[in-house]
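Before any comments, here is the structure.
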Amino acid sequence: MGITPLTFDGYAVRNVKLWGLVCRACFAFTRDTQRIFCPKCGNDTVQRVPIIVGEDGVPTAVNSGRKMKLKGSIYSVPKPQGGRARGPVFAEDELRMGGRDRELRHAERQQERERAAADPFNLDNGHKVWGQRGGTGPRGGGGRVVAGYGRRNPNANNFKPKGSKKR
């Protein structure tokens, strides 16, 4: 139509910035920014990149070619230990094995219930205090899966004494 869109401040919009994911291993591209693993190769090497839609309407993924962040990946993986504890998730198909998919669905449903219970527009929630953050699990992460060990050192000694220090 030839009409220049304006922002609320009166500035002309020259380009629109969207977000997508690019896999640094196979260079596959996807617009689903909630993914953790690449849809093509299955590795956890996806990184968020901006997509710029120019004045001509052609979308361009800005691929800076920067190196992957190696934090959390420079330590060797310790031997798996027995017991009930589950090991880390290194690929997307591991989410379907051993009941992990059931746990993930349960965590997502729990997070959805908490989000619905904290809805400020619901008349039943008029007595609640707003602005509190929460979620399922000890850190409030909800149903989000962390690939591998995340950004922590799996070989670090994370022992914390049970008692407090006396001074």
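The values are calculated or read from the model by the stated rules, or taken from the named source; none is laboratory data. This one's a predicted model, so the numbers in the text were calculated from it and none came from an experiment. Because the Cβ atoms are built from the backbone with ideal geometry, glycine has one as well, and the counts that use them run over all protein chains shown. We work out accessible area using only protein heavy atoms, side chains counted, and drop any ligands, DNA or RNA first. Shrake-Rupley method; radii C 1.70, N 1.55, O 1.52, S 1.80 Å.
Some points to look at:
- Multiplying the residue separation of Ala12 and Met97 by 0.36 nm and removing their Cα-Cα distance gives an extension gain of 25.5 nm.
- Derived scalar couplings between HN and Hα for the range 13-28 equal 8, 8, 8, 10, 10, 10, 10, x, 10, 10, 7, 7, 8, 10, 6, 6 Hz in order, rounded to whole Hz, by the Karplus curve 6.51 cos²θ - 1.76 cosθ + 1.60 (θ = phi - 60°), x for Gly and Pro.
- In this simple spin-label model, placing a label point 7 Å from the Cα along the Cα-to-Cβ direction at both Glu112 and Cys26 gives a separation of 2.9 nm.
- The packing ranking, built from the mean of other Cβ atoms within 10 Å per residue, places the peptides 34-40, 112-118, 56-62 in the order 34-40, 112-118, 56-62, highest first.
- Computed from backbone phi, the HN-Hα couplings of the range 40-47 come to 8, 9, x, 7, 9, 10, 7, 10 Hz, rounded to whole numbers (Karplus: 6.51 cos²θ - 1.76 cosθ + 1.60, θ = phi - 60°; Gly and Pro given as x).
- For Val89, the amide hydrogen comes within under 5 Å of the amide hydrogens of Gly148, counting only partners 5 or more places away or on other chains and with H modelled in the peptide plane.
- Annotation: amide H of Val16 within the under-5 Å range of Val53, sequence separation 5 or more or interchain, hydrogens built in the peptide plane.
- Average accessible area per residue (Å²) across the range 1-63 - probe 1.4 Å, nucleic acids and ligands excluded: 71
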